[in-house]
Amino acid sequence: MAVDTILLAVGAGDAERIDRLGEVAVDIAGPAGATVVLGHVFTRDEYDDTLDKLEFDRTAEEVSPDDVAGRHATIRDLTKMLDEAGVDYKIRGAVGKHGTSIVDLATGVGADQIIVGGRQRSPTGKAVFGSTAQEVMLSAPCPVTFVRSDD
């Protein structure tokens, strides 16, 4: 099976693992010549907070989740990594429940692979993924790569 499109899903909790997520995306997409779709998913509250923090003028312009995602620091860091590696990418934003929105983005862009991050668990919880990652793995239309934080 060819890998043409990879969805790299990021959210508010992924700031500490951006480097690792980017490395995995480059390692998979580079040799395959795949396009990485950088998908930033916001809850409604996260989206509204981000609009305020990034000082979007909601009255003067139409603001889409793609616009907000493109100006978010995590996406900007990832685009630098992908540019340096010569990997093609697109930016998509979504507002909604994290797991469901990631699966919807993957379906919408025709992803052949999804990359999601998560945190390291305690010894008893190592076999259990976070609720978002678990939902994506159980509902995704394609294979999912889970990237654990190094901490």
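Hydrophobic long helices, here whole DSSP H runs in the chain with Kyte-Doolittle means of at least 1.0 and Cα atoms spread over 15 Å or more along the helix axis, are not found.
How many nm is it between the label spots at Val109 and Val63, if each spot is 7 Å from the Cα in line with the beta carbon? So the label points at Val109 and Val63 sit 2.2 nm apart.
Taking every DSSP helix (H) stretch of at least 4 residues in the chain, weighting each as -39,500 (n - 2.57) and dividing the sum by the residue count yields a mean residue ellipticity at 222 nm of -13000 deg cm²/dmol. Inter-label distance, Glu84 to Glu16: 2.2 nm, where each label sits 7 Å from its Cα along the C-beta direction. The residues of the chain present an accessible area of 53 Å² per residue when probed at 1.4 Å with all protein chains retained. Go through Met137, Val37, Ile18 and say which Cα lies farthest out towards the positive end of the charge dipole of the chain; charges sit on Cβ, +1 for Lys and Arg, -1 for Asp and Glu. In the chain, that residue is Met137.
The values are calculated or read from the model by the stated rules, or taken from the named source; none is laboratory data. Model, not experiment: these values are computed from the prediction. Backbone-built Cβ (ideal geometry, glycine too); neighbour counts: all protein chains shown. We work out accessible area using only protein heavy atoms, side chains counted, and drop any ligands, DNA or RNA first. Shrake-Rupley method; radii C 1.70, N 1.55, O 1.52, S 1.80 Å.
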